[in-house]
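Taking it in order: structure first as structure tokens, then the write-up.
The values are calculated or read from the model by the stated rules, or taken from the named source; none is laboratory data. Not measured: the values here are computed from a predicted model. Glycine also receives a Cβ, built like all others from the backbone with ideal geometry; neighbour counts cover every protein chain displayed.
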Ligand SMILES: [Mg+2]
């Protein structure tokens, strides 16, 4: 109680407060060693008296208890700002414990995860399958009891425990929950050590990270090009008569090819433009379309058919010289093993939020390297997913391009910036981003649902 009393005394007067801080610092120094000796005393001196007592008391209690191995005693207290930024890395032998997992629904359709620790470090992740945000939040909640009370830093061991102890392995929901948790654990580990995640993974393997943007018209691509993008992805253009038939008409195929030809003509042969089939086209029509696209050399053809039967995709791949890409609906190394072995694709698109997080996608990239395949991570999600992809890109040799739909404006304090088609490598610890809680205040909560699509001719269900 001595230090609590001493801190409270700082409310009396500025001179007394400074004296009290010195006493507290000495007290902590005796019991807590080098790490806690640098704790919040400096922070206290820069605040108004009332703020210092309110925040400082918690921080000092946490620091003192944590340093003497009693971190659990302070669990449940509101947390101060992360102390690593002011006080340097947390040494490997220092105690660090997970206290809570918190999920937040964020517009337009995302789910953010914060893993809290007794050191004030908060790890960020996106544990989501699009359209099943609430289900994923429940999956995270069911994993929380395993993690609370544990050291977050053995990331690969936690991955194994969460994946294998579930008994029923994989699937989009459980693997997405695991993916977001894995991102957050890497974020904590990097922040605890004061280095970017790619430094812990042997990187950087490159100086900057190429990204691509979505666009369907020459005007949209030109606008994005002015913003700094040099690679793009579009969809299969539909004319008014197209009916999602198993075999599309000659008019449908020619229309799609003509629209892509217009993009190529507007942007030139030096610009990379990929095409996403979304797995929503039959294998038979996919072959017709690919043949029609070949003269314009798209960067790659994505998901020419659904990814549940890799033999079918491999058959399509053998029929063209265009690179085939797949992976947004493939999970873990076991899923991608088949893609590679069957030669269904040469560009793998694991999603950092679905395929198993940073830990697993890095291993998938290693498997791809053995097949001379490249990795272009899928990402229609938020800035945490993008940050995880950037860290991955900076730690593997066979990276092609990173998908993105948001550079983080309105969500993170320093949004990513595109220059000459690339993002600069972040230099901050962990994932290298900080949420902008104020900017996010009007984006909390959503009820986004997957769209329903029906054939206009007979009302049967069709893919979208
Ligand atoms: Mg896709």
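For this structure, a couple of remarks:
- Residues of the stretch 233-264 classified as assigned to a helix (DSSP H, G or I) and either more than 26 Å from residue 213 (Cα to Cα) or outside the structural domain of residue 296 (by TED's automatic domain parsing) (or both), total: 2
- Residue check for residue 397: closer than 17 Å to residue 110 by Cα and assigned to a loop (DSSP other than H, G, I, E, B): no
- Residue within the stretch 410-418 that is in a loop (DSSP other than H, G, I, E, B) and within 16 Å of the ligand (Cβ to nearest atom) present: no
- Which numbered condition residue 316 misses (of (1) within 16 Å of the ligand (Cβ to nearest atom); (2) in a loop (DSSP other than H, G, I, E, B); (3) touching a helix residue (DSSP H, G or I) at 6+ places or on another chain (Cβ under 7 Å); (4) free of Cβ contacts under 8 Å to residues at least 40 places away in the same chain): (2)
- Counted residues, the stretch 127-153 - those being assigned to a loop (DSSP other than H, G, I, E, B), under 19 Å from the mean Cα position of the chain (by Cα) and surrounded by fewer than 16 Cβ atoms within 10 Å (Cβ to Cβ): 1
- Checked against (1) farther than 12 Å from residue 209 by Cβ; (2) outside any helix (DSSP H, G or I), residue 361 passes all but condition (2).
- Test result for residue 425, buried (at least 21 other Cβ atoms within 10 Å of the Cβ) and either in contact with a helix residue (DSSP H, G or I) (Cβ under 7 Å, 6 or more places away or on another chain) or assigned by TED's automatic domain parsing to the domain that holds residue 306 (or both): no
- Pick from the stretch 337-350, criterion free of Cβ contacts under 8 Å to residues at least 40 places away in the same chain and outside any loop (DSSP other than H, G, I, E, B), ranking: nearest to residue 187 (Cα to Cα): 348
- Given (1) touching a helix residue (DSSP H, G or I) at 6+ places or on another chain (Cβ under 6 Å); (2) surrounded by fewer than 16 Cβ atoms within 10 Å (Cβ to Cβ), number of the condition residue 420 does not satisfy: (1)
- Some residue of the stretch 370-386 being assigned to a helix (DSSP H, G or I), over 18 Å from residue 177 (Cα atoms) and free of Cβ contacts under 8 Å to residues at least 40 places away in the same chain: yes
- Of all residues assigned to the stretch 170-180, at least one qualifies as being touching a strand residue (DSSP E or B) at 6+ places or on another chain (Cβ under 7 Å) and at pLDDT 95 or above.
- Qualifying positions in the stretch 87-105 - in a strand (DSSP E or B) and more than 19 Å from residue 431 (Cα to Cα): 99, 100, 105
- Looking across the stretch 324-336 at every residue that is touching a helix residue (DSSP H, G or I) at 6+ places or on another chain (Cβ under 9 Å) and assigned to a loop (DSSP other than H, G, I, E, B), the one that is surrounded by the most Cβ atoms within 10 Å (Cβ to Cβ) is identified as 327.
- Of all residues making up the stretch 278-306, the number that are over 21 Å from residue 400 (Cα atoms), more than 11 Å from the ligand (Cβ to nearest atom) and in a loop (DSSP other than H, G, I, E, B): 4
- Hey, residue 410 surrounded by fewer than 20 Cβ atoms within 10 Å (Cβ to Cβ), under 23 Å from residue 213 (Cα atoms), in the same structural domain as residue 273 (by TED's automatic domain parsing) and over 19 Å from the mean Cα position of the chain (by Cα) or not: no
- The residues on offer are 270, 303, and the sole one that is out of contact with any helix residue (DSSP H, G or I) (no Cβ under 6 Å at 6 or more places or on another chain) and surrounded by 14 or more Cβ atoms within 10 Å (Cβ to Cβ) is 303.
- Matching helices (runs of 4 or more DSSP H) fully within the stretch 171-230 where at least 3 residues are crowded, with 19+ Cβ neighbours inside 10 Å and within 20 Å of the chain's Cα centre (by Cα): 172-193
- Selection count where residues are within 14 Å of the ligand (Cβ to nearest atom) and more than 16 Å from the chain's Cα centre (by Cα), scope the stretch 330-361: 4
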